[in-house]
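Notes follow once the structure below has been shown.
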Amino acid sequence: MLEDVKDGTAAAERLAGGAPLRDTLDVTDPADWLALDAAVREVAWYHPHPVPPWEQSAPLHADLSRLGESRLALALCHRDGRIRQEALRQSVRYPGLLPLVVIRCADWAGPVREHARRVLGETLDAGSALDLVPLILRVGRRDRGAFGVDALGQVLRRASRGQFAVLFAAPDRAVRRFAYRLAVEDRLLRSAELARAAVTDQDSVVQDLCATAALAALGEDDDYEGVLPLLLSARNPRTRSAGVTALRRAERSKEAEPFLRDRSALVRACARYVVRQRGGDPAALYREWCGAPDDPALPPGAVIGLAECGNRADAGLLRPLLAHPAAGVRARAVAGLRALDCADAERLRPLLDDPAAGVVRETAAALLPSAGELPADWLLERTGSERPRHVRVGAFRLLDARGGVVALRAAVGLLQDPDVKLRTWAAQSVQRWHPSPGERHDGAEVGELLDRSRHLFSDYVLRRRKWEAGAGS
């Protein structure tokens, strides 16, 4: 961002004093150029004096050919379109002003805009384009900003392979997206190179783009050995799923079976498709894997996979897994029983005390429909500060869903909880609490609970809430 200045206005004042452009702003940062342009324009319109401060101290010459680079930069941002247009004619003397020419290509004044586009078309080459890509893409989001992006694409299509490689490694993800889209459109990369980009790039858009393009390019070079291992080992589930789906085209459908147990639901679904296409039965494989409840190596993905393609009868295979030594398996067993609509409250209740937060979270979600049937005192006991945080959260989730005075009692008790998020949730629960229709309760107790949380209400709302509960006039 701008160095040694607080904003674009300060940068403009320094330029007016003759400070070199490169000492005033970071010429590689698009934000600095845009801040300078915006500051000169906004001060021109909103400053109480008719002339901006930098023009008062050093007015622009009528003959812009006499201006140096720093003050010509200000002229390129001037409020008067005629001055901007003349500054564009003079800008060819200073290649360092090309970023401002890019901004003027989206200028609101037609003559300025057209002149800037002619200048950019005449001066932009592969070397200068590499430095301007981030700025051109930023300006391209504006109205009338498409010209610069189109010109950039035409120039980069003539760039060397080494120049393109710089863009693929750019820290700005928008630059990488643009470069890879261009490379895919012009078929500049082989399928293995696209697959490697899909695996190594951190941006999900680039990952999806390159994975899809890699599979499409397989029709040309059939480099399955160079593509599939990369895609199948990717961390991104969408990239892995693309590789799994491609196994069928490569006539290697058998290799999709291990991915039936993948941690991602998307990958599992693609694996089931590939297995079914070769005549296999994913449900039978899941039943075989889950039929050994004592197997410590049972993958959690196999457990939830059974629920995704099985039936209610498969709940008999999932229930023994509630006691599995692996927390991931226990959590997926609970989720599977919930998905099959076979979540038995009495059987799942003990798992609210599970040492693994993931298991308690899944258990609370499965018990929500039965929250009103669970013993209130038993749940309240688990909101005590001596319980682990995930147990307190799971119990309160059920109490909050249950509603009534029990929910208010739990929420008020958690207002002093050591965990800030749980305290905030409890306060919100108290604020939205209303007596449940038809519930019999002790008005004195409700009044006392509301008084303990009076800091959460205005006096009027507190009186109103007490009146609703029959706890005061």
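The values are calculated or read from the model by the stated rules, or taken from the named source; none is laboratory data. The structure presented is a predicted model; accordingly, all values stated were derived computationally and were not measured. Reconstructed Cβ throughout: ideal geometry from the backbone, glycine too, with neighbour counts over all protein chains shown.
From the list ALA151, ALA126, ALA109, ALA165, pick out the single residue that is surrounded by fewer than 20 Cβ atoms within 10 Å (Cβ to Cβ), within 27 Å of LEU189 (Cβ to Cβ) and touching a Gly at 6+ places or on another chain (Cβ under 7 Å).
It is ALA151.
Taking the condition of being part of a helix (DSSP H, G or I), farther than 24 Å from GLY443 by Cβ and not hydrophobic (A, V, I, L, M, F, W, C), how many residues in segment 381-411 meet it?
Final tally of qualifying residues: 6.
Please verify whether ARG252 is out of contact with any Ser or Thr (no Cβ under 9 Å at 6 or more places or on another chain), among the basic types (Lys, Arg), closer than 29 Å to ASP341 by Cα and free of Cβ contacts under 8 Å to residues at least 40 places away in the same chain, treating the condition exactly as stated.
In short, no.
I'm trying to understand the selection: among the residues of segment 114-150, which are in contact (Cβ under 8 Å) with a residue 40 or more places away in the chain and either in a loop (DSSP other than H, G, I, E, B) or in contact with a Ser or Thr (Cβ under 6 Å, 6 or more places away or on another chain) (or both)?
GLY145 - this is the single residue of segment 114-150 that is in contact (Cβ under 8 Å) with a residue 40 or more places away in the chain and either in a loop (DSSP other than H, G, I, E, B) or in contact with a Ser or Thr (Cβ under 6 Å, 6 or more places away or on another chain) (or both).
Yes/no matrix, rows are residues, columns are (1) at pLDDT 95 or above; (2) outside the structural domain of GLY226 (by TED's automatic domain parsing):
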site	(1), (2)
GLU251	no, no
ALA292	no, yes
LEU318	yes, yes
VAL329	yes, yes
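Of the conditions (1) surrounded by 17 or more Cβ atoms within 10 Å (Cβ to Cβ); (2) at positive phi, LEU247 satisfies every one except a single condition; which number is it?
(2)
Give me a count of the residues in segment 420-473 that are assigned to a helix (DSSP H, G or I), within 42 Å of the chain's Cα centre (by Cα) and aromatic (Phe, Trp, Tyr).
2
Note down all Cβ pairs under 9 Å where the first residue falls in segment 256-270 and is assigned by TED's automatic domain parsing to the domain that holds PRO300, the second is part of a helix (DSSP H, G or I), and they're at least six residues apart or on different chains.
As it stands, the answer is none, since no pair meets every condition given.
Each row is one residue, and each column tells you yes or no for (1) over 30 Å from ARG332 (Cβ atoms); (2) surrounded by 15 or more Cβ atoms within 10 Å (Cβ to Cβ); (3) acidic (Asp, Glu).
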residue	(1), (2), (3)
TRP378	no, no, no
ARG382	no, yes, no
PRO437	yes, no, no
ARG440	yes, no, no
SER458	yes, no, no
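Would you point out which residue out of LEU209, LEU232, LEU228, LEU266 is surrounded by 22 or more Cβ atoms within 10 Å (Cβ to Cβ), in contact with a Lys or Arg (Cβ under 7 Å, 6 or more places away or on another chain) and at negative phi?
After applying the criteria, what remains is LEU232.
Condition check ((1) buried (at least 17 other Cβ atoms within 10 Å of the Cβ); (2) of a type in the set (D, E, K, R)) across all residues:
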{"residue": "TYR286", "(1), (2)": "yes, no"}
{"residue": "ALA292", "(1), (2)": "no, no"}
{"residue": "LEU318", "(1), (2)": "yes, no"}
{"residue": "ARG389", "(1), (2)": "no, yes"}
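Check every one of the helices (runs of 4 or more DSSP H) wholly within segment 270-325 and list those with 1 or more residues that are under 30 Å from LEU231 (Cα atoms).
282-290, 300-309
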